[in-house]
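The values are calculated or read from the model by the stated rules, or taken from the named source; none is laboratory data. None of these values were measured; they are calculated from a predicted model. Quick reminder, even Gly has a Cβ in these numbers, built from the backbone with ideal geometry, and neighbours come from all protein chains shown.
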C-alpha cells in the first residue's frame, strides 16, 4: 500500500466552481478598486520576522508562521496586509502622498480554523487603503467604493455602520469608565454581533458598577435616524476628543448624504476590536441577516500606526478596509444560483475527425470562444457524459457530415435542443443563446 | 534613530508599472488558458514537507523553505506547481480525466537570486497541464496555446523547438553512450543555449571518447527543415524507444502543420534538464535573440511522475508547460513602449468644490471610468504635478465656472491640450482620445 500524500492541515484546494467564483470576485474587486483610483501593490509573502512582529499582542504573535533561510535569517509569512504596507512605505522614501493602493493576496495564520465560517490558515485579504489624507473625504470615497463593490458582487442590499474611536472614547468618559478599563470595555462592545446587547451588558457588569453600565448602554443606543443619534450624543459628549469624533461623524454623514449613500448608519455602539484605530470605524452588514449575521467588511482609520512603524514623530494618516475573499465567496455560494463550474463554452466531440476538429477548435478559439474538445476519441455518449460532469452546457458534434457542410451539430445539454450550425455562425449562436 | 525595517532578502515589492504589467500578463494568460478549455486550480502555498520532498535531487531539497506549525507538524512552502498538482490528483479520487488545469501562483525557493534575470526567491509560475491524454494531440493543443499566449502578449515572433526524450535516448544509443553516462550527457546538452555547440563538445569530451562525441554531435544536428531532420534521424535510429520517439515527433509535426503552426522546429539537440520528462520536450524562443537568448517557455511530457506519486502502477499521462511571470514581465518591460504606470484615466482637481467634485467622480465611476481626485485641496499646480508623477494622462479641473456649466476642463498632460467638456460627454471624450 503506497503512502498517502495529504493536504496540509487547515488549508484548502480551490477548484471547479470555487476557483471560478474566487476569480470572479477578485476581478470584480480589482475593477472597482481601480475605478476609484487605487493602484496595485504586491508585497512578498515572506517578510523579515522583526517586521511581522512589530505590532500585535501575544495572541497574534503566536499565530505568525516563522521560518529561516539557508543563511539562518529569521523570516515570517505575512499575517496581514497592513504591516507589509507600512514596511513598504517606510522603505520607499520617494512615495507620493496621498498614496492609494490595493492588494489582493494571501496571508498566513497558524491558528484555529473554522472552514464553515470560511476561516483557513491561508486566506486572501483584499485591502484598499488611502495614506496621507486627514479629511473625512477619504472615508466618504471608501464608503462609496464599498457600496459599488457589493453592488457589483450582487450583494447590493447592505448597511454600512460607522462610528468613531474618538467619539467612543468620549462616550466612555461620559459614562465614567476609567482609562484603565477602556480597552476591555471596547473589546466587550465589539462582541455585540455575537452575544447581543444582553450578553454585552452581562459581561460589562462584571467589569463595572451597574450605574456606569446603564449610562454607557443608554449612550450607545442608536436614535431613530442618524440625525437623532447625532443630536443625542451632542447633548452628552463633553470631552474634546469626543467632540472631535462627533464632528468627524457629522462631516462623513454630510459627504455620504451628498453622494446619495443612504444606507449609511451612524451606530455609536460599533467598536472594532483592533486597538490601532484612531478615528472612524466602519463595518458593513447584509440587510438580510438570514445569510450572515456578522460583518462582511470592516475597516477604519489608523493615523498613528505607519508613522510609529517608521519611527518618525510625523503622523501618516491612513484609512482603509479589507474584504475577506473566502468569506465573500462563501456568502455568494450560499445565495447565488448558477455559479459556473466551467469556463468552457463549447465542448467539441469529433467522430473520427480529430485532426479537423482540432483545426476547427483553433479557429473558434481565435474568435474568442472558450473551447474544449475530446482529445481521447471517446464514444459520443461517454464524451457527452464527461462534458456534462464538468458543467459544460454545449457540446458540438463533428462527424463526416458536419465536415462536408462546414457545420457543427450543437446540443444544449440542459434543454437537449440540438441544431446544426454553420461554423461561421457558432460564435453568434452561442453568444445570443 | 529608529530601527529600519527592510524587505527580506531575495524578494521584491511590485508596484507602479511593474504591478500593472504583472496584472496584464496574468489576465492575458488566464484568458488564453480558458479559451483552450483549462480551468483554474489553486492549491495552498503550504504543503506537508513530505509531499514537497517526494521528488527532486539534493540541490532542490536544499532550496525548499520548511516550517512548523504550533502542532510541530513539518510543513514546506511549495517550490513548484507540479508536485501540488500530483498531490491534488492523488487525494481527489473523483477527478475526471482528461484533467486540464491552469494555475497562476507563487512558488518559493531558498536559493541564489538573479534579479537581472528576473530570478527571485518568490516567483510566479503560470502552468498549464493536461492529464490523461497519451496522444500527441495534447501537445498540438499546447503548441497552439503557446502561440496564442505569446501573440496576445505582443511577442508573436517566436520559434517553438520540439524534441522527444525517447528519441534522444535512441540517439544516445546510436552514438554508443553507455546508460550510466546518459543523464550526464543530457545535462551537458541542455547547456547548448548558454555555452554553444563548441562548449557542449568540450564538456562531453571530458566524459566520452572523441568518436562517440562526434557521432552524437553529428546526429543531433538539425537538417535544413523539419522534414530533412526527420529523414536523417529515421536513417540512423534503430532502438525501439528511439523509433517510438521519432514517430511521436512525426505525429506532432503533422498536427502542427494542419494547425498552420509553421514556426515549430524539430531540434534533436533539445534536451531539457529535468529528469522526469518521458516524451516530448518543448522550448519556446524569441526569434529576436537580442532581447533574450534563452528559452522563454519550457515544458514537456512526464507520463511517470503522477502515477509514481500516487504509488499506483497505473501510468497517468501528463504534458504541460510553465510560463515564468517575472521573466515574461522583464522581457515586455524591455521591449514594450507605453507601459501604463497608473490605471487612472482622469484625475479630478476641485477648486473649492471638493464636495461637488466627489459627486462628479462618483457619477463618472458609475459610467465605468477610472477616476482619482485630489482629496487634499492642493493648489492646482501641485495637484497637476502629483497627477503627472503618478503617470496619469488627463486631469480635469472643476471650479465654480465648470460647475455652473456642468463641465470639466480636461487637460492632456502630454500635449498640454485643454478643453471644456460637458460632464455627460467626458466618457466619450476620453474613450475616443
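State whether the residues of segment B:336-348 include one that is more than 7 Å from every other protein chain (Cβ to nearest Cβ), in a helix (DSSP H, G or I) and closer than 25 Å to residue B:19 by Cβ. No, there is no match, as no residue in segment B:336-348 is more than 7 Å from every other protein chain (Cβ to nearest Cβ), in a helix (DSSP H, G or I) and closer than 25 Å to residue B:19 by Cβ.
Scanning segment B:265-310 for residues that are within 14 Å of chain A (Cβ to nearest Cβ) and touching a helix residue (DSSP H, G or I) at 6+ places or on another chain (Cβ under 8 Å), we see that the one that is modelled with the highest pLDDT is B:301. The set of residues from segment A:418-433 being outside any helix (DSSP H, G or I) and farther than 14 Å from residue A:361 by Cα comprises A:418, A:419, A:420, A:421, A:433. For residue A:358, are the conditions met, namely being more than 38 Å from the chain's Cα centre (by Cα), at pLDDT 95 or above, within 14 Å of chain B (Cβ to nearest Cβ) and not in a strand (DSSP E or B)? It is true that residue A:358 is more than 38 Å from the chain's Cα centre (by Cα), at pLDDT 95 or above, within 14 Å of chain B (Cβ to nearest Cβ) and not in a strand (DSSP E or B). Tallying residues that are within 8 Å of chain B (Cβ to nearest Cβ), over 27 Å from residue B:373 (Cβ atoms) and at pLDDT 95 or above within segment A:88-115 yields 3. For residue A:58, are the conditions met, namely being farther than 26 Å from residue B:43 by Cβ, out of contact with any helix residue (DSSP H, G or I) (no Cβ under 8 Å at 6 or more places or on another chain) and more than 7 Å from every other protein chain (Cβ to nearest Cβ)? It is true that residue A:58 is farther than 26 Å from residue B:43 by Cβ, out of contact with any helix residue (DSSP H, G or I) (no Cβ under 8 Å at 6 or more places or on another chain) and more than 7 Å from every other protein chain (Cβ to nearest Cβ). Say we look at segment A:2-33 and pick out the residues that are part of a helix (DSSP H, G or I), without any contact (Cβ under 8 Å) to a residue 12 or more places away in the chain and facing chain B (nearest Cβ under 7 Å); which of these is nearest to residue B:29 (Cα to Cα)? Per the stated criteria, the residue is A:23.
State yes or no: is residue A:79 more than 10 Å from chain B (Cβ to nearest Cβ) and within 16 Å of the chain's Cα centre (by Cα)? Yes; evaluated as a whole, the condition is true for this residue. Residue B:171 meets all of the listed conditions (1) more than 8 Å from chain A (Cβ to nearest Cβ); (2) surrounded by fewer than 20 Cβ atoms within 10 Å (Cβ to Cβ); (3) under 25 Å from residue B:231 (Cα atoms) but one, namely (2). Filtered by the rule that a residue be within 36 Å of the chain's Cα centre (by Cα) and touching a residue at least 24 places away in the same chain (Cβ under 8 Å), segment B:387-416 gives B:387, B:388, B:390, B:391, B:392, B:393, B:394, B:395, B:413. Return the residues of segment A:233-269 that are under 17 Å from residue A:177 (Cβ atoms) and not in a helix (DSSP H, G or I); say none if nothing qualifies. Once the filter is applied, which keeps residues that are under 17 Å from residue A:177 (Cβ atoms) and not in a helix (DSSP H, G or I), segment A:233-269 yields A:237, A:238, A:239, A:268, A:269. Among the residues of segment B:369-383, those that are farther than 19 Å from residue A:101 by Cα and touching a helix residue (DSSP H, G or I) at 6+ places or on another chain (Cβ under 8 Å) comprise B:377, B:378.
Kindly establish whether residue A:334 is out of contact with any helix residue (DSSP H, G or I) (no Cβ under 9 Å at 6 or more places or on another chain) and within 30 Å of residue A:264 (Cβ to Cβ). Walk me through how you get there before you give the answer.
Working: out of contact with any helix residue (DSSP H, G or I) (no Cβ under 9 Å at 6 or more places or on another chain): yes; within 30 Å of residue A:264 (Cβ to Cβ): yes.
Yes; evaluated as a whole, the condition is true for this residue.
Only residues that are more than 30 Å from residue B:368 (Cα to Cα) and facing chain B (nearest Cβ under 7 Å) were counted across segment A:34-49, and they come to 5.
Scanning segment A:170-182 for residues that are in the same structural domain as residue A:276 (by TED's automatic domain parsing), at pLDDT 90 or above and closer than 21 Å to residue A:294 by Cα turns up nothing.
In the set (1) facing chain A (nearest Cβ under 7 Å); (2) out of contact with any helix residue (DSSP H, G or I) (no Cβ under 8 Å at 6 or more places or on another chain); (3) touching a residue at least 12 places away in the same chain (Cβ under 8 Å), the condition left unmet by residue B:69 is number (3).
Restricting to segment B:312-321, name every residue that is more than 14 Å from residue B:99 (Cβ to Cβ) and touching a helix residue (DSSP H, G or I) at 6+ places or on another chain (Cβ under 8 Å).
Taking segment B:312-321 first, the residues more than 14 Å from residue B:99 (Cβ to Cβ) are B:312-315, B:321.
The answer is B:313, B:314, B:315, B:321.
Among the residues of segment B:123-140, is there at least one that is more than 8 Å from every other protein chain (Cβ to nearest Cβ), assigned to a helix (DSSP H, G or I), over 30 Å from residue B:208 (Cα atoms) and touching a strand residue (DSSP E or B) at 6+ places or on another chain (Cβ under 8 Å)? Give the steps one after another, and end with the answer.
The first filter runs over segment B:123-140 and keeps only residues more than 8 Å from every other protein chain (Cβ to nearest Cβ), leaving B:123-129, B:131, B:134, B:136, B:139.
Remaining after also requiring assigned to a helix (DSSP H, G or I): B:139.
Still in the list and also over 30 Å from residue B:208 (Cα atoms): B:139.
When the remaining residues are screened for being touching a strand residue (DSSP E or B) at 6+ places or on another chain (Cβ under 8 Å), the result is B:139.
Checked segment B:123-140: at least one residue is more than 8 Å from every other protein chain (Cβ to nearest Cβ), assigned to a helix (DSSP H, G or I), over 30 Å from residue B:208 (Cα atoms) and touching a strand residue (DSSP E or B) at 6+ places or on another chain (Cβ under 8 Å).
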